[in-house]
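The structure appears below as structure tokens.
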Amino acid sequence: PTAPKAVVFHTSTLSTELDCNDDDIVLITHTKSGANCVLKKFGAHVLSYQTAAGKPLIMISKDAIMDGSAAIRGGIPLCFPQFGQPDKSYLQHGFLRRNKWTVVEGSEFDTDDAAGIKLELELKDVTVAPGDGTWGNDTKKNCKSIF
């Protein structure tokens, strides 16, 4: 069978289809309304949101780099521990958006009112971060996307 596709919009008319069998792509569809959201586990990044009527409201840049070598341009990024770049030793908008998150098992839901998922980043798994290692190995950050 053909893998489902997730549509990511760059403008209201320019889009790209992403393979939902890609381990880094999460498609959340609200069954009752038909609205959907596309997440990338790299950065727990919201790439696209499409209303029940099919109107794209959240988009990424057509120049977005999607291979994990850089933060994604556009959509809804996570910014932590800071917004911007207070000095050059910090990553622009923090390090959470430069690491791959995992889906919390059993967190997916689709009710009459909303659909969503919970992603988690264990700081022991962080590959891109500044600092002196003061984060404990048992530290976790959570991101919950509800639409």
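The values are calculated or read from the model by the stated rules, or taken from the named source; none is laboratory data. Since this is a predicted model, take the numbers as computed values, not measurements. So basically every Cβ, Gly included, is an ideal-geometry build from the backbone, and we count neighbours across all protein chains shown. With ligands, DNA and RNA removed, areas are computed over all heavy atoms of the protein, side chains included. Shrake-Rupley method; radii C 1.70, N 1.55, O 1.52, S 1.80 Å.
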Members of the range 13-28 that are at pLDDT 90 or above and open to solvent by 60 Å² or more (accessible area, probe 1.4 Å): none
For residue 52, are the conditions met, namely being open to solvent by 40 Å² or more (accessible area, probe 1.4 Å), touching a Gly at 6+ places or on another chain (Cβ under 6 Å) and either among the aliphatic types (A, V, I, L, M) or at pLDDT 85 or above (or both)? yes
Boolean, residue 42 is within 24 Å of residue 125 (Cβ to Cβ), in contact (Cβ under 8 Å) with a residue 12 or more places away in the chain and open to solvent by 60 Å² or more (accessible area, probe 1.4 Å): no
Quick one: which of 111, 102 is open to solvent by 60 Å² or more (accessible area, probe 1.4 Å), over 21 Å from residue 17 (Cα atoms) and in contact with a strand residue (DSSP E or B) (Cβ under 8 Å, 6 or more places away or on another chain)? 102
Those residues of the range 86-145 which are in a strand (DSSP E or B) and either of a type in the set (Ser, Thr, Tyr) or at pLDDT below 70 (or both) amount to 102, 140, 141, 142, 143, 144, 145
Residue pairs within 7 Å by beta carbon, gap of at least six or interchain, first lying in the range 45-63 and touching a residue at least 12 places away in the same chain (Cβ under 8 Å) and of a type in the set (D, E, K, R), second loosely packed, with under 12 Cβ neighbours inside 10 Å and not in a loop (DSSP other than H, G, I, E, B), listed first then second, are none
